[in-house]
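As structure tokens, the structure follows; a few thoughts come after it.
The values are calculated or read from the model by the stated rules, or taken from the named source; none is laboratory data. Please read these numbers as outputs of a predicted model, since none were measured by experiment. Note that we place each Cβ from the backbone using ideal geometry, even for glycine, and neighbour counts take in every protein chain shown. The accessibility values were calculated without ligands, DNA or RNA, using every heavy atom of the protein model including side chains. Shrake-Rupley method; radii C 1.70, N 1.55, O 1.52, S 1.80 Å.
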Amino acid sequence: MLKFPLNRRQALIGLGAAGTMLSFGLPARAAAKVNLGVIRLASHAPSFIAFERGYYKDEGLDVDLKFFEAAQPMAVAIASGDADYGVTAMSGGLISLAGKGAVKVIGGALTEEKGIVGAIILASNKAYEAGLTSPKELAGRSFGITTTGSSFHFMAYKIAKANGIALDQITLRPLQKVGAVVGALSSGQIDAWAIQPSIGKMMIAEGHARQIGLFSDYAPDYQVTTVFTSTRNAADEREKTQAFIRAYSKAVDDYNAAFVDKTADAAEVDDVAKIVHKYVEADLPFETARNNLLEGSQRINKGLALSLNSVTEQLEWFKSEGMVKEDITPEMLFDTSYVKTI
């Protein structure tokens with residue numbers, strides 16, 4: 001057989017054809033579309049850090065942020081498919097949806113930790129002046145919550161129990177939104193509340209409330225917020241869910257280094273604070289918001305590890321109060337295959 005050398009033009013044509021065949025044979029993988037439920041709180045900082053720093057994109061995820069003002073509507077959105085992942089406190093609504101096979105808790109986020117200022121127990125100025133200077137004096141007082149079955153409801157229970165007070169001796173005032181509770185406490189319409197330090201310290205500094213305790217004194221291992229998704233995502237979209245956890249965990253490391261462990265340098269602290277400031281306390285001057293983050297941030301579990309004892313206790317409490325069905329088991333609520341349990 002005669003062999004003829006390829007000239008340059010023929011070689012280029014051949015390479016182009018080969019490249020075309022390869023591109024048809026191995027199409028570029030489209031980014032997985034993800035709607036992430038968020039609330040404009042400092043505890044959601046990693047959601048924003050991962051978004052702005054491209055950590056989701058690095059994992060092949062095309063993320064849209066979907067904003068909520070409370071935990072229960074977010075759980076409903078996850079169950080209906082309007083959102084894919086959420087990071088918020090366990091609520092009665094979330095647990096009930098898990099009992100129907102709609103959602104799964106797959107990780108842990110914000111946590112109470114001894115030695116780090118967590119949720120602050122506050123009294124209104126009016127109530128403080130009238131003698132509410134300690135959680136021991138909450139009997140006969142009103143306590144603000146967003147909704148029945150919210151994390152604020154559970155915190156009220158833990159505070160009351162630790163101080164020998166029956167929960168029905170405290171008037172719980174559901175006000176739907178965190179902003180409404182802030183307004184009610186500031187104006188003396190409610191007597192007490194417990195809230196994460198980024199908000200609590202700001203209210204104290206502005207003279208709108210008085211500190212009467214720390215929630216970590218009563219629940220030092222409390223898993224404040226969890227990561228959850230639909231049961232379908234947890235079971236059938238494992239690769240996408242693992243990618244989300246990796247991206248989010250990277251942002252958690254940035255957050256903890258900047259605001260909790262304070263191991264990041266000043267330039268990194270400023271950079272992370274500027275990202276968070278776009279979404280949280282954006283109406284405040286940057287320096288004020290930055291200081292609030294430095295002085296009022298709680299740890300978020302590394303790798304989104306889940307405090308299984310704490311969330312199981314919360315499940316059992318919701319059942320004991322008749323807010324969810326008795327037959328809901330931990331296996332129905334938690335998928336522990338994604339992260340470490342602690």
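Points to keep in mind about this one:
- Note on the range 285-336: residues that are free of Cβ contacts under 8 Å to residues at least 24 places away in the same chain, among the polar types (S, T, N, Q) and outside any helix (DSSP H, G or I) total 1.
- Applying the set (1) closer than 23 Å to residue 292 by Cα; (2) open to solvent by 10 Å² or more (accessible area, probe 1.4 Å) to residue 153 leaves exactly one unmet item: (1).
- When the range 64-76 is filtered for residues that are under 19 Å from residue 245 (Cα atoms) and either open to solvent by 10 Å² or more (accessible area, probe 1.4 Å) or among the charged types (D, E, K, R) (or both), the ones remaining, listed by number, are 64, 65, 66.
- Of all residue pairs spaced 6 or more apart or on separate chains, those with beta-carbon atoms under 6 Å, a first member in the range 221-247 that is farther than 17 Å from residue 97 by Cα and a second member that is open to solvent by 20 Å² or more (accessible area, probe 1.4 Å) and part of a strand (DSSP E or B) are 240/32.
- Check on residue 100, without any contact (Cβ under 8 Å) to a residue 60 or more places away in the chain and open to solvent by 30 Å² or more (accessible area, probe 1.4 Å): yes
- Positions within the range 136-189 being touching a helix residue (DSSP H, G or I) at 6+ places or on another chain (Cβ under 9 Å), among the hydroxyl-bearing types (Ser, Thr, Tyr) and in a strand (DSSP E or B), in sequence order: 142
- Restricted to the range 38-57, and to residues there that are outside any helix (DSSP H, G or I) and either aliphatic (A, V, I, L, M) or more than 17 Å from the chain's Cα centre (by Cα) (or both), the residue that is modelled with the lowest pLDDT is 41.
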